[in-house]
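A short write-up of the structure that comes next.
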Amino acid sequence: MLLSLFKPRAKRVSVTRLGQWDLDRPLLEWTRGEVWSVRDALEGALIVGATGSGKTSGSGAAMSRAMLEAGFGGLVLTAKADERALWQRYCAETGRSSDLLIFGPDHELRFNFLDDERTRGGAGAGLTENIVALFSIVLEVAERRSGGGGGREDDGYWRRALRQLLRNLVDLLIIAGRPISVPELYRLVVTAPVSLEQATSDDWKAESFCFKCLREADARAKSASQERDFELVADYFLLEFPGLSEKTRSVVVSTLTSTIDVLNRGVLRELFSTSTNVTPDQTADGRIILLDLPVKEYAEVGLIAQTIFKYAFQRAIERRDVTASPRPVFLWADEAQHFITSYDQGFQTTCRSARVATVLLTQNTPNVYAALGDGETGKSRADSLFGNLNTKIFHANGDHVTNEWASQLIGRTRQLFASGNSSHPTSLIDWGDAPQSSGGFSEAYEFEVQPSVFTRLRTGGPGNGGNVDAIIVRNGRVFPTTGKTWLRTTFRQG
Ligand SMILES: Nc1ncnc2c1ncn2[C@@H]1O[C@H](COP(=O)(O)OP(=O)(O)OP(=O)(O)O)[C@@H](O)[C@H]1O
Ligand SMILES: [Mg+2]
């Protein structure tokens, strides 16, 4: 009791006076008079720079600390093994250690994501669609990693077929009154009939878990809409699914089972299919949840785990009532190309009203294009996502696509170039001719900041005295102290 009287309170008091979640509250100053406010944070940020350019230790460190200091909750996705220690340090330095929750194999926190969906959504039609959407996102990320999917010509067809299978699996479990769990989904899909003959055979009926569920669903009392759903489900499993071509069925089933199988074993089973003692909603109460399954160490398992948690976070935070729960939360993804999904564009458009500050760090823009699909598809999805991340911070980069893009964002201005030439007599004998010269100015619309400028920014480390340079660009707004659309600044590493 007495001890608490001596806790430093000055900061809290001044923050309260300012209005703790006031959108105009400054989080940090880029340069004197140029602030990054809560409002700016909620409009999203993209940090781009080559490996070793100072993203994590420069702008990343400054921005994460600023949001921690301001009391944000947040979700931290991790790619590298050292990120847990880094955030432990940031939280200790900003007095937030008691808010940090570490979710990972060596910790006690568990999140049964399917249970969570069920307890929230009830058993209505929405539940099936939510679970289908969640699995679709997980499959998108898992397939991307294995090199399949993403932008194939027949991509849409496979996706539809997969979603149809998932929808029927989930509906059947719901109508049969069974819990929706990863092991049940797995059992169901591997015991579905693979031919029309099998669907009518007594052997299959006697042994198949799928048939057992169909019989249980048939026998249960159903609402009128469940009656209609059940007809569709029964038709699907007894006619449509066994009637698919062998190739289609095997691709769809193997795509689904290979991912469900990963969820059904080891670490993921333990973390996501047992109990629940942490949920993403807790970020809205000021918790910082760090997913300690770095992709570089846990590969596919880390990616699937973080995709599930991230998606559940996005859904939870979109649902919250910000008048009752106004605390801003952040979504932090270093090496963001691993974690970006097709859901992010839509999510990003709601971030400001949902009070989420997304910060994505990545080496270059082609990384993100490739993550979101082949060719133009990936590029246009990425451009739309980037368009909704209003603050862009460019560090040193050798990637010409990124550097050109940065120059284009800043724009071209009319620039005057001095030109001049002079001609001297060429003869060795001086005939008294005066040298002739002409001069003038030519004007051209040129990049205000040339792409080459980004190759020369300082990258921190002892050689640069711990200084990391960056050029900041904000969508459609000029910086008041310079009147320009861009701002050059320097971060101190720490
Ligand atoms: N706290 C620190 N103090 C001084 N130098 C540092 C510190 N942290 C990193 N460095 C060095 O500064 C440079 C920038 O490192 P940083 O990890 O921030 O780059 P990055 O852009 O995040 O790279 P990557 O894409 O590989 O994650 C590197 O040379 C690194 O060794
Ligand atoms: Mg880094």
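Summed over the range 71-95, the residues that are crowded, with 22+ Cβ neighbours inside 10 Å and away from ligand 2 (no atom under 16 Å from the Cβ) give a count of 4. Do we find a residue being in the same structural domain as Gln345 (by TED's automatic domain parsing), outside any helix (DSSP H, G or I) and modelled with pLDDT under 95 anywhere in the range 276-299? Looking through the range 276-299, none of the residues is in the same structural domain as Gln345 (by TED's automatic domain parsing), outside any helix (DSSP H, G or I) and modelled with pLDDT under 95. Within the range 25-59, the set of residues being within 13 Å of ligand 1 (Cβ to nearest atom) and either buried (at least 24 other Cβ atoms within 10 Å of the Cβ) or more than 21 Å from the chain's Cα centre (by Cα) (or both) comprises Ile47, Val48, Gly49, Gly52, Ser53, Gly54, Lys55, Gly58, Ser59. Pairing each residue of the range 70-85 that is within 25 Å of Arg145 (Cβ to Cβ) with any residue that is in a helix (DSSP H, G or I) and within 16 Å of ligand 1 (Cβ to nearest atom), provided the two are 6+ apart or on different chains, yields C-beta distances under 6 Å for Val76/Trp87; Ala79/Val295; Ala79/Lys296; Ala79/His338; Lys80/Lys296; Ala81/Glu297. Look at (1) under 39 Å from the mean Cα position of the chain (by Cα); (2) farther than 30 Å from Arg120 by Cα and you find that Glu184 fails only one, number (2). When the range 359-383 is examined, which residues are found to be within 16 Å of ligand 1 (Cβ to nearest atom) and without any contact (Cβ under 8 Å) to a residue 12 or more places away in the chain? Answer for the range 359-383, where residues must be within 16 Å of ligand 1 (Cβ to nearest atom) and without any contact (Cβ under 8 Å) to a residue 12 or more places away in the chain: there is none.
Of all residues in the range 17-56, those that are β-branched (Val, Ile, Thr), free of Cβ contacts under 8 Å to residues at least 60 places away in the same chain and under 19 Å from Ala284 (Cβ atoms) total 0. Taken as a whole, the condition of being at pLDDT 90 or above, among the polar types (S, T, N, Q) and within 16 Å of ligand 1 (Cβ to nearest atom) does not apply to Thr482.
Arg488 passes every criterion in (1) near ligand 1 (Cβ under 10 Å from one of its atoms); (2) out of contact with any Gly (no Cβ under 7 Å at 6 or more places or on another chain) apart from (1). Considering the conditions (1) part of a helix (DSSP H, G or I); (2) within 16 Å of ligand 1 (Cβ to nearest atom), Thr119 is excluded by exactly one of them, (2).
The values are calculated or read from the model by the stated rules, or taken from the named source; none is laboratory data. The shown structure was predicted, so the numbers you read here are calculated from the model rather than taken from an experiment. Virtual Cβ from ideal backbone geometry, glycine too; neighbours counted across all protein chains shown.
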